[in-house]
Amino acid sequence: AEGKELRVDVQLIRQGGVKVSGRLLGPAAAQPGLHVSVRVSAVSPGASNGFADVTGDGFAAADILPGKYVVEAGQYAAGDFTNQNPLAAGRRTVDVGTEDVDGIDLTLAPTPDVEGTVVFESGCATTPVWIQLQGDPVSRPPRDLLAGADGRFVLQHLFPGKYKAYVRPESASHAFATSAKLGDAEVLADGFEVSAETKGPLRITMSCARR
């Protein structure tokens, strides 16, 4: 409650991390002139995040604490170090204990583009709309995209995994999203899963009716 003082005890323990390693597989992994980044993202509370060292078709991440992790690899064009637009990607969920984990093979497959449109219900003025995708794990930076006045947009090179879409008008407006359908599935509330086979379209409906 406001103004109330709390006591918090913190216990520190000495715990060494382990090595998580594996290989990059698939035709996409052998493409010349591209670079690969491998990220290890914690699912369990208190676990650690980090990037693996990549050598040839192998990768290794050191000092990983026990817990559940998502290990994901992204392949990028030369000079693209944003880790935002992978041309190919792969991911696995891994349980890490107190011993080194080897054989975490990641098969890289081309990442999908999802086309979509933003439509406004009758009586609601059309305006450009910001679309933000927050992926799982949340440690990955969100993706932001502005859909123009015609409402068309393309979500390019999406990592495999689950996403939640957040939609807001670019300028002051009473419009708000009431629906987001990927194909025939409503995904605004619970998000949607992206795989190499995901095609779309993603249709977002905006309304100005009172909530």
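Here are some notes:
- P(r) of segment 155-211 over all Cα-Cα pairs, binned every 10 Å from zero, in whole percent: 21, 49, 23, 6
- Carbon + sulfur, % of accessible area of the chain - ligands and nucleic acids excluded, 1.4 Å: 50
- Cα shape, segment 56-169, gyration tensor, a/c 1.5 rule: prolate
- Across all directions, the average flat footprint of the convex hull enclosing the Cα atoms of segment 111-154 is 3.8 nm².
- Mean Cβ count within 10 Å, highest first, over the residues of peptides 173-183, 106-116: 106-116, 173-183
- Reachable aspartates and glutamates, given that their alpha-carbon falls under 18 Å from the alpha-carbon of residue 19 and they are not under 8 places away in the same chain: 53, 57, 63, 72, 95, 99, 100, 102, 105
- Cross-link partners of residue 199 among lysines (Cα-Cα below 20 Å; sequence separation of 8 or more within a chain): 162, 164, 181
- Only the Cβ atoms of Lys and Arg (+1) and of Asp and Glu (-1) were treated as charged; on that basis the dipole of the chain about its Cα centre amounts to roughly 440 debye.
- Residue 144 accessible area, assembled protein chains, probe 1.4 Å, Å²: 90
- Using θ = phi - 60° in the Karplus curve 6.51 cos²θ - 1.76 cosθ + 1.60, the 3J(HN,Hα) couplings for segment 86-93 round to x, 6, 8, 7, x, 8, 8, 9 Hz; x is entered for Gly and Pro.
- Between 93, 192, 61, the Cα set farthest toward the positive side of the dipole of the chain (charges on each charged residue's Cβ, about the Cα centre) is that of 192.
- Column: log10 I(q)/I(0), Debye, Cα scatterers of segment 1-93, q = 0.11 Å⁻¹: -0.43
- Ligands, DNA and RNA are left out, and with a 1.4 angstrom probe the accessible area of segment 1-157 is 58 Å² per residue.
- Distance between modelled label sites at residue 196 and residue 78, nm, 7 Å Cα→Cβ extension: 2.5
- Note: relative contact order over segment 12-67, using C-alpha pairs below 8 Å and six or more positions apart, is 46 percent.
The values are calculated or read from the model by the stated rules, or taken from the named source; none is laboratory data. Just so you know, these numbers come straight off a predicted model, no measurement behind them. Here Cβ is always computed from backbone atoms with ideal geometry, including for glycine, and neighbour counts include all displayed protein chains. To get the accessible areas, we keep the full protein, side chains included, count just its heavy atoms, and leave off ligands, DNA and RNA. Shrake-Rupley method; radii C 1.70, N 1.55, O 1.52, S 1.80 Å.
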